[in-house]
Every structure is written in C-alpha cells, then in structure tokens.
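Working notes for the structure below.
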C-alpha cells in the first residue's frame with residue numbers, strides 16, 4: 001500500500017528533504033538543531049499558507065497567479081486601515097480575509113461562467129491587486145499598533161530552548177485543515193474529480209461550477225490569510241511586498257509532487273515542497289560564499305527534475321503518445 | 001459597416017484610435033513632432049521607440065501562441081541576453097571596438113536561441129505542457145542572468161553598443177528599424193511561405209497535422225527558437241538603451257505584457273489563427289496606454305489597474321459565452337413564456 005505508485009513523487013520529495021537536511025548537518029556546524037528547522041517554518045509560514053491554497057487550484061486543473069499581489073494588497077489594506085483610519089485589528093483581519101474570498105470568488109466566477117482561461121483571469125487579478133496597492137499608497141506604511149507588534153514579537157517557547165512564532169501555528173493549522181478538506185470532505189473529492197476530467201465530473205452530476213469557483217475562493221482566502229501573516233512578519237504594508245510569490249508557490253507545489261495538469265497531488269507534498277524551498281535558502285545562507293540567485297537556479301533545476309519525473313510516471317500509465 | 005466590424009483589426013485599432021484621440025483632446029500638442037539636431041522628437045516617436053522591445057517579444061510570442069503554446073520565459077531571456085552582451089563588452093580592452101560589440105551581440109543572440117531550443121525541446125521532446133516547460137526557465141532564468149552579472153548592474157561606456165538601442169538612423173531611432181526588420185521577416189516567412197500555414201495547423205491540431213505530413217515537432221522547435229531570438233534582440237535593445245544590464249529587473253513582467261499584446265491583437269490563446277499586425281497594434285496600445293498615463297500625471301504604478309481592466313475586457317469580448325449572455329439580454333422579450341420558448345428554440 002505504501003509503495004503504491006501514486007505515492008512515489010511525494011516519497012521522492014520527502015527523501016530529498018531528508019537528504020538536504022542530512023547534507024546540511026554534516027557540512028555545517030550548528031545546522032542540525034531544532035531551531036534551524038523551526039526558522040524554516042517561521043520564515044516561510046506565509047508561503048506555506050499560499051501554497052496550500054495553490055495546491056487546491058492546481059489539483060482542480062487551474063492556476064492562480066494573483067496570490068503574490070493579493071498578499072501585498074492585504075498588507076496594504078491592513079496597514080492603511082489600522083494606521084490611517086484607526087480601525088481596530090479585530091475588525092480589520094476578518095475584513096481583509098473576506099475581501100480575499102470575494103476577490104477569489106470574482107475570479108472564479110469569470111473563469112467558470114465566461115469560460116476564460118484561468119491563466120488570463122488571474123493575471124488580470126494580479127495586475128489589479130498590485131495596482132490597487134499603489135492606489136492606497138505609493139510608499140511603505142509602517143504598523144506600530146500594539147496588537148500587531150505583540151503578535152509579531154510573541155514567541156511560543158518549546159522544551160529545549162527553541163521557539164515558534166504565532167505565524168507558524170496559523171500555517172500549521174492551515175496545512176492540517178487543508179489535508180482534512182482535501183481528503184475527508186465532499187468538496188475535496190470534487191476538486192480531485194474536476195482536475196481528473198471536467199467532462200466526467202459534469203456527467204457524474206457533481207457540482208462543477210460550485211467546485212471551480214470554490215477552489216478560487218479557497219485560494220483567495222489562503223492568500224489573504226498569508227497576507228495577514230506577512231503583515232505580522234514585516235509589520236508594514238507595501239506594494240512591492242511578496243513579488244514573485246506566485247512563482248515560489250507554484251514551484252513548491254510542483255516540487256511537492258502535484259501534477260500541474262490537475263487531478264493528482266497532496267497537501268503533505270506541498271508542505272515538504274515549501275520546506276525544501278526553505279532548506280535551499282538556509283543551505284545557501286550557511287554556505288556564505290554563494291549568492292541569493294543560486295536559490296532561483298536550484299529551484300529551477302528541481303522544477304525540471306520533478307516535471308520530467310512526473311512526465312515519465314504519467315507516460316507509463318497512459319501509453320497514448322502525442 | 002458590419003463587414004468592417006467583423007475584421008480582426010477593428011477592435012484593436014478602435015481602442016488605439018480612442019487612446020490617441022483622448023491624448024489629442026487632453027494635450028493638443030501630443031502629435032507634434034519636432035526636428036532637433038537631425039533627429040525627430042515627439043510623443044509618437046517615443047511610443048514607437050520605447051515600445052520596440054515589447055513589439056519584438058510580442059511578435060515571437062504570437063507565433064508560439066499560434067502553436068497552442070505559451071512562453072513564460074521571455075522576460076528572463078531579455079535579462080539574460082542583456083547581461084551576456086554587457087558582460088562580454090565590459091570584459092574587453094576597448095569597449096568601443098566594432099569586433100567586440102558584434103561578438104557580444106552575436107554571443108547574446110546565440111544564447112537566446114539556445115534558451116528557445118531548451119524550451120522547444122522540453123515542449124516537443126519531453127511532451128511537457130508549454131506553460132510548465134517555460135516556467136522552469138522563467139524561474140531559473142533570472143537567477144542565471146544575475147549569475148552572469150554577478151548580482152551587479154554592469155554599466156558600459158561603449159558608443160557603438162549604445163547605438164543599437166539609443167542611436168538614430170535617418171532621423172528616426174534605430175530600434176524602429178530593428179523592429180521593422182524583424183516584423184517584415186516574420187510576416188514574409190509566415191505569409192509568403194507555407195510556414196505560417198504549418199504553424200496554424202499545428203496549433204489547431206498537432207496530431208492531425210502530423211498525420212497530414214507536417215513535422216509538428218520541427219515547427220514547434222523553430223517557433224520557440226524564434227521566440228527566444230526575438231526576446232534576445234529585445235534584451236539587447238533594452239540594455240543598450242540604458243548602457244547597462246540589470247539581471248534582476250531587466251524585462252520584468254515582459255512575458256505578461258507580451259501575452260497581453262498578443263491577446264489584444266486578436267490571436268486566441270487556444271492556438272491556430274494568428275495575426276501579426278494585430279499583435280503590433282496590441283503592443284502599441286499597451287505602450288500608448290503607459291505614455292498616456294505618464295502624460296496625464298497619474299502615478300505610473302497605477303497603470304496596472306488600468307491594464308487589469310483592459311485584459312479583462314478584451315478576454316470577455318473574446319469569450320463566446322459572455323457574448324451570448326449579452327446578446328441574450330439584448331434580445332430578451334418581455335414575457336417570461338416567450339423567453340422560455342426562445343431559450344429552447346435556440
């Protein structure tokens with residue numbers, strides 16, 4: 001059961017993560033500590049949340065390019081509302097989350113009802129969200145509201161002297177909720193069915209429209225939640241925040257073994273995909289002599305390896321060749 | 001009138017016309033072109049000059065999209081080509097020597113052809129979806145560009161190299177001639193030879209065209225290489241215009257603008273029919289939009305909001321179900337019963 005072929009990509013991802021951790025542990029002193037692992041999570045909590053939403057979209061056979069801009073817009077809206085309009089954070093956070101859902105719903109509705117390609121619609125969403133940031137303000141808005149700073153500074157101490165941040169807790173809850181929704185609810189199963197074949201899903205009488213739009217609502221929610229986390233992380237709102245996060249999220253999802261053609265993928269895989277992304281960054285910073293752009297090249301190479309691997313696996317399953 | 005509206009250039013041209021008209025009303029001297037020191041200056045010339053890289057990238061993208069593909073890596077290729085040529089020139093003893101500049105340009109173009117070859121091989125050799133295959137280079141490419149420039153912004157003092165992007169020939173910017181040459185070559189190759197037909201047939205149905213004797217793989221490979229080459233030339237124009245190479249920011253968002261130009265120009269993302277002239281108009285619309293926003297005095301960043309609505313509007317106009325929904329609303333009768341009948345009859 002565990003050696004089922006459908007678990008193969010995810011096992012490769014996990015093995016790769018273990019290998020990279022082991023490599024780091026042997027090469028650098030101080031690498032093999034719980035805190036290094038936790039720092040991975042602390043620095044990539046927002047990416048983790050975005051990637052969970054992205055996994056749903058990609059499994060359903062779509063793509064969402066608007067997530068990075070949505071993070072920026074959320075930080076901008078939060079900062080502006082809290083700092084310039086004096087709205088209490090308890091109102092602001094639900095408001096921005098609701099806005100994220102509405103934004104996702106609108107994109108999903110256009111994709112479903114007017115049959116426009118998701119790539120183009122979410123591209124427009126990306127432009128729109130990024131542009132709206134600048135409509136709010138061209139510069140940075142720093143947040144010094146006590147509620148935000150206290151959450152940002154809060155450290156959850158764990159035995160052994162290591163600690164986590166509130167963001168990590170939120171991200172882990174999102175991951176668990178994602179796993180639950182994907183595998184133990186009707187919606188989750190509909191998403192897999194939709195990604196497998198839209199035609200068959202329709203003929204089976206499953207709610208195609210609701211699922212398709214729902215997936216973008218989930219992604220919109222996740223990206224605005226990631227925006228909230230990002231606000232805690234950066235304590236500011238800025239239109240240039242989180243540029244290129246959509247690519248990082250897609251890369252993490254693919255490295256996690258999700259098929260970009262839809263229908264196959266696991267949230268657990270995405271979790272490890274994000275961790276691998278973080279480990280690459282950590283390894284490069286531990287190495288010291290390598291520069292940050294090696295991250296991008298390494299991610300590109302990993303993307304290539306995983307895409308070819310998936311291609312080889314799916315080619316064996318269906319012998320139809322173009 | 002109806003036939004005119006059906007023409008594929010009708011909507012793009014009317015949008016461009018409306019934009020220019022707005023500019024004329026807003027600032028009457030928008031169209032004035034001055035002669036200064038043997039060179040023409042004016043807003044229209046600026047639009048052509050600054051729009052040149054985008055037009056180039058969009059021409060390549062049109063052909064890729066016509067084969068039912070997409071190339072997300074063009075922005076990175078723009079950065080790579082600029083970085084490569086600037087690095088080569090900066091390493092030379094005499095930055096102004098003709099041989100060095102030509103060598104650098106050649107090297108950059110070969111490199112961009114190679115990136116196109118890589119994309120093409122992934123798409124037709126491995127059979128990976130184009131959007132995924134080119135995503136790899138989109139992510140890694142910018143890293144490679146930064147690797148080439150070592151994370152620095154390379155600045156040059158080479159007049160010969162600067163000529164490519166900022167020089168002028170016969171009172172017009174040289175870049176306009178580059179674009180005209182590439183456009184003419186693409187138009188001649190696709191409209192005067194069978195190549196265009198092959199591209200359209202591969203885009204409509206790769207399997208059927210393979211069975212009909214078209215070598216789909218070769219066509220796809222050539223198209224991706226051409227797209228890489230176009231992006232490379234655009235990278236040269238951009239980097240030579242400012243005499244520097246910035247691996248991180250050169251050509252940022254070019255892939256999206258180029259795809260937008262192609263879609264505005266009337267080429268469907270589903271492949272098949274393609275319109276090079278439409279793409280040209282589409283790219284000019286985007287550039288005119290940016291220029292307009294600058295001249296009206298809105299912050300340039302807000303262009304993105306306008307662009308978002310343009311993308312959406314264009315896609316909705318192209319969407320069959322949206323047009324049907326509108327048409328239905330238009331023709332709806334007053335009585336619900338009649339509406340019901342009409343729905344069943346149609």
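The values are calculated or read from the model by the stated rules, or taken from the named source; none is laboratory data. Remember, predicted model here, so these are calculated numbers, not experimental data. Cβ: placed from backbone, ideal geometry, glycine included. Neighbour counts: every protein chain shown.
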In segment B:29-78, the residues that are assigned to a helix (DSSP H, G or I), under 14 Å from the mean Cα position of the chain (by Cα) and farther than 17 Å from residue B:183 by Cβ: B:75, B:76, B:77, B:78
Verdict on residue A:138 being outside any helix (DSSP H, G or I), at the interface with another protein chain (Cβ under 7 Å from one of its Cβ atoms) and touching a helix residue (DSSP H, G or I) at 6+ places or on another chain (Cβ under 8 Å): yes
Residue match in segment B:316-339 (condition: at pLDDT 75 or above, closer than 17 Å to residue A:123 by Cα, surrounded by 12 or more Cβ atoms within 10 Å (Cβ to Cβ) and touching a helix residue (DSSP H, G or I) at 6+ places or on another chain (Cβ under 6 Å)): yes
Unmet requirement for residue A:52, which otherwise passes all of (1) within 14 Å of another protein chain (Cβ to nearest Cβ); (2) under 23 Å from residue A:182 (Cα atoms): (1)
Which listed residue is touching a helix residue (DSSP H, G or I) at 6+ places or on another chain (Cβ under 9 Å) and modelled with pLDDT under 90, from A:240, A:225, A:172, A:194: A:240
Helices (runs of 4 or more DSSP H) completely within segment B:185-243 that count 1 or more residues being more than 14 Å from chain A (Cβ to nearest Cβ): B:195-204, B:216-242
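Might you let me know whether segment B:148-158 holds any residue that is surrounded by 17 or more Cβ atoms within 10 Å (Cβ to Cβ), part of a helix (DSSP H, G or I) and modelled with pLDDT under 80?
No - not one qualifying residue is present in segment B:148-158.
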Top-ranked residue of segment A:256-304 - restricted to ones that are on the phi > 0 side of the Ramachandran plot and more than 13 Å from every other protein chain (Cβ to nearest Cβ), ranked as surrounded by the fewest Cβ atoms within 10 Å (Cβ to Cβ): A:288
Hey, residue A:243 within 14 Å of chain B (Cβ to nearest Cβ) and either within 14 Å of the chain's Cα centre (by Cα) or free of Cβ contacts under 8 Å to residues at least 12 places away in the same chain (or both) or not: yes
Residues located in segment B:295-313, provided they are more than 8 Å from chain A (Cβ to nearest Cβ) and modelled with pLDDT of 75 or more: B:295, B:296, B:297, B:298, B:310, B:313
